[in-house]
């Protein structure tokens, strides 16, 4: 049974790696700064480093601080329920090619366990919800303000240097750096999302959780990341070198700061918020909202956590009745 749980956790980690590849190196590949092979190799290296170096606070949150570990140890089927719910949202996202904040689904499934057994940490839950509310706003605001400044002072002058290969090489190097930065932050924030339940259950310890989580994310990028890069949303490529670097730096910094504070975030939510902020700086709120289908996107961000809680709660109730 232990082996099966570890395999499922690795599968979830691989999905994290596959889904995040486009956000991490899509711009570097799309602009020709890095080949797909180079991009995926860099992702694999930096997500492992991020998980090992900076992933412990988030792992502690999902491995016992949000919901006491005894809930997972005393009722081992809880681990299975959380993983099944998380895998279900991964399947929906991949099957219907819908951008779903799977991180929200995983975290809310763990939170639902605490609600069911009435042992959830209110303070930690409030802190996570506060970050979930404020971090997209912060990414939007910084991107909006920076976009306004860059549009006038930097982006236009750089347009006249498109034919200078040295300038393009320099910007390509910066874009590679920012992509590696996103991969590092994604590894720090993402490893615990797959490994939290089995760490809480005592199946593996924190050290192995970070190592396996990082390795699983890296494997997902290497195995499935090429397809993600090829089918990725082209918008972060179309906005150009400078703005792509800006978006990646903003999003990676938000993710890394959250990781140091033990807060699990969604890469897709932060990246989308930054892109909307940049779009608003260029073409105004209404135009950007239409382009990003803002109402539908916000609905998905709200519905996924609620569905995850309801589904987890329901499955726990059914299994507790059957196994009673």
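The values are calculated or read from the model by the stated rules, or taken from the named source; none is laboratory data. Everything numeric here is computed off the predicted structure, so don't read it as measured data. All Cβ positions, even for glycine, are placed from backbone atoms using ideal geometry, and neighbour counts span all protein chains on display.
The table below lists the values:
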| item | result |
| --- | --- |
| Test: residue in segment 109-120 that is more than 23 Å from the chain's Cα centre (by Cα) and either free of Cβ contacts under 8 Å to residues at least 12 places away in the same chain or crowded, with 21+ Cβ neighbours inside 10 Å (or both) | yes |
| Only listed residue being at pLDDT below 95, crowded, with 24+ Cβ neighbours inside 10 Å and under 13 Å from residue 16 (Cβ atoms), chosen from 228, 221 | 221 |
| Test: residue in segment 100-109 that is under 23 Å from residue 276 (Cα atoms), at pLDDT 95 or above and touching a helix residue (DSSP H, G or I) at 6+ places or on another chain (Cβ under 9 Å) | no |
| Helices (runs of 4 or more DSSP H) wholly inside segment 207-324 containing at least 3 residues that are within 27 Å of residue 173 (Cβ to Cβ) | 235-238, 241-260, 267-283 |
| Condition broken by residue 257, with the remaining ones in (1) closer than 20 Å to residue 114 by Cβ; (2) surrounded by 14 or more Cβ atoms within 10 Å (Cβ to Cβ); (3) without any contact (Cβ under 8 Å) to a residue 12 or more places away in the chain satisfied | (1) |
